[in-house]
Structure formats: structure tokens, C-alpha cells
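Colleague: The structure follows.
The values are calculated or read from the model by the stated rules, or taken from the named source; none is laboratory data. All values derive from a computational prediction rather than experimental measurement. Virtual Cβ from ideal backbone geometry, glycine too; neighbours counted across all protein chains shown.
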Amino acid sequence: MKLFTTDNIEIVFDETVSSGENPENYQLIADKEDVQVYYKGENEGNILSSASYTFLVVNNSSRNVTVSSDNLSVNDFAVSASFYTDCAIGKMSNDTLTLYSSELEKNKIEKIDKIEFSLRCFDSDSYSEIWQEDKVVITMD
């Protein structure tokens, strides 16, 4: 289900996460306060985007959380894109970060070697910050 779309950003909620999904199959990028964020991998691009990446959030805490990205860059160039997902107590949530070709073309990026961003986790009900991960780096093979 699409939640939000603009010329540069598309946020998609993936309702296909299964309770049998094993997070240990993925790259752990943040683990704080009983909330884990995993990088699952790159998806095939669609007509509007050049690349998209899936993340899994596991919430074992006692509060509903939202995890979002800030300060995103590709190959050390700032780009307009974000990751934003809600995850209820005791649940898992898949979500996608989409990078649009127009953003990459504007910065003359032909091949994605590295994606860098910060992550912020906050209480979905009170909006108070729970934790922040200042630097997450994902390198492409």
C-alpha cells in the first residue's frame, strides 16, 4: 500500500511481513532499546525509480515506535529520500527506501556504491525520541 508519493519520494508500506520471517538472515544496522533495524537488500527498480531498498523493523519494546531516516546521501551526495515506518509493540514491519532516478541524475550518480543516513526511533504515541543512530552506512557489492 502506497502511503506517500511525490516527484522524488515514494513511501510504501509492505504488509507481506510474515511472523515466520527470520531477521537473522539480514544485516543488522541498529539495535537499541529493544528495537532492531535490519537491511534486507535491494529491490528491482520500477518505472519511476532507479533503486529501492527494503528494511525490517522489529519492535520488542513496550511502546509503539516509529523509525525514520535523516541526512541521506548516496556516494557522498545529499539526496532527497527517506525511510519512515511505524511498528506496533511486539510486531515487525517491512518498509522501502526508494531513490528516484531524477535525484541521482541531478548529482551525476550512475552507480550506487554507498548509501549513508542517520536513523531516529521515537515513541509513536508521545513523539519523544527513544534513540538515534548518527551514521549508518550500507555499501553495495
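Colleague: Kindly indicate the residue of region 109-131 that is exposed (fewer than 14 other Cβ atoms within 10 Å of the Cβ) and touching a Phe, Trp or Tyr at 6+ places or on another chain (Cβ under 8 Å) and also farthest from residue 38 (Cα to Cα) among those meeting that condition.
Modeller: Result: 128.
Colleague: With the requirement that a residue be of a type in the set (Ser, Thr, Tyr) and either under 16 Å from residue 89 (Cβ atoms) or within 15 Å of the chain's Cα centre (by Cα) (or both), what does region 99-132 give you?
Modeller: 100, 118, 124, 126, 128
Colleague: Starting from region 122-141, keep only residues that are in contact (Cβ under 8 Å) with a residue 24 or more places away in the chain and farther than 13 Å from residue 53 by Cβ, then list their pairs with residues that are part of a loop (DSSP other than H, G, I, E, B) and among the hydroxyl-bearing types (Ser, Thr, Tyr) whose Cβ atoms are within a distance under 8 Å, requiring at least 6 positions of separation or different chains.
Modeller: 122/128; 130/61
Listed here are the residues, each with its yes/no results for (1) surrounded by fewer than 16 Cβ atoms within 10 Å (Cβ to Cβ); (2) touching a residue at least 12 places away in the same chain (Cβ under 8 Å); (3) of a type outside the set (S, T, N, Q).
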{"residue": "60", "(1), (2), (3)": "yes, yes, no"}
{"residue": "63", "(1), (2), (3)": "no, yes, yes"}
{"residue": "66", "(1), (2), (3)": "no, yes, no"}
{"residue": "86", "(1), (2), (3)": "no, yes, yes"}
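Colleague: Let me ask something else. Kindly indicate whether any position in region 78-99 is among the polar types (S, T, N, Q), over 26 Å from residue 25 (Cβ atoms) and touching a strand residue (DSSP E or B) at 6+ places or on another chain (Cβ under 7 Å).
Modeller: No.
Colleague: Is region 105-119 home to any residue that is assigned to a strand (DSSP E or B), of a type in the set (A, V, I, L, M, F, W, C) and touching a Leu at 6+ places or on another chain (Cβ under 6 Å)?
Modeller: Yes, some residue in region 105-119 is assigned to a strand (DSSP E or B), of a type in the set (A, V, I, L, M, F, W, C) and touching a Leu at 6+ places or on another chain (Cβ under 6 Å).
Colleague: Please pick out the residue among 18, 80, 61, 73 that is at pLDDT 95 or above, assigned to a loop (DSSP other than H, G, I, E, B) and not β-branched (Val, Ile, Thr).
Modeller: Just a single option satisfies the conditions, and that option is 61.
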